[in-house]
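The values are calculated or read from the model by the stated rules, or taken from the named source; none is laboratory data. Nothing here was measured: the structure is a model prediction, and the numbers come from that model. Every residue, glycine among them, receives a Cβ derived from its backbone with ideal geometry; neighbour counts consider all protein chains shown.
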């Protein structure tokens, strides 16, 4: 995970590599970030019962097979469908670079930006400090603290 500036002003979180169906699936922190999001979304009153049923199968393991039967792939597909996202591929791709325009040709934001925007909406008092949100995975918290140049908390 790494910081990304949307249009040079809005702070968002980006992936280091793609996650999901056909994705690189080689960065445990990126995978944990997405898995964690779906564990939170499974508890949200803003999510319809059908998607909650899909999201509840996701747990934070830091691993994704990239296959159709992987719970994270299923959650990403369900989410992309619910958003009427222009690309329904079961994958969250990393944005190139560290800043820029995050819109697709149809003026919708890239999927990873839409996911971050939902976290910002759900937890405005904490955003962008993911480490201060409920049940933040340790690897995600460490990535946030490193990106923000905050000292890591002592372990033990």
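Annotations
- Members of region 45-61 found to be surrounded by fewer than 18 Cβ atoms within 10 Å (Cβ to Cβ) and assigned to a loop (DSSP other than H, G, I, E, B), listed by number: 45, 46, 48, 56, 57, 59, 61
- Residue within region 1-20 that is under 11 Å from the mean Cα position of the chain (by Cα), under 15 Å from residue 74 (Cβ atoms) and either without any contact (Cβ under 8 Å) to a residue 60 or more places away in the chain or part of a loop (DSSP other than H, G, I, E, B) (or both) present: no
- Which numbered condition residue 61 fails, given (1) under 15 Å from the mean Cα position of the chain (by Cα); (2) closer than 19 Å to residue 145 by Cα: (2)
- Any hit, region 26-41, residues being part of a loop (DSSP other than H, G, I, E, B) and in contact with a helix residue (DSSP H, G or I) (Cβ under 7 Å, 6 or more places away or on another chain): no
- Screening region 99-156 for residues that are surrounded by 15 or more Cβ atoms within 10 Å (Cβ to Cβ), in a loop (DSSP other than H, G, I, E, B) and out of contact with any strand residue (DSSP E or B) (no Cβ under 8 Å at 6 or more places or on another chain) and picking the one that is modelled with the lowest pLDDT gives 108.
- Unmet requirement for residue 94, which otherwise passes all of (1) modelled with pLDDT under 95; (2) out of contact with any helix residue (DSSP H, G or I) (no Cβ under 8 Å at 6 or more places or on another chain); (3) closer than 19 Å to residue 24 by Cα; (4) assigned to a loop (DSSP other than H, G, I, E, B): (2)
- Candidates in region 62-86 are the residues that are in a loop (DSSP other than H, G, I, E, B) and modelled with pLDDT under 95; of these, the one that is farthest from residue 136 (Cα to Cα) is 86.
- Flag if residue 74 is in contact with a helix residue (DSSP H, G or I) (Cβ under 6 Å, 6 or more places away or on another chain) and surrounded by 13 or more Cβ atoms within 10 Å (Cβ to Cβ): yes
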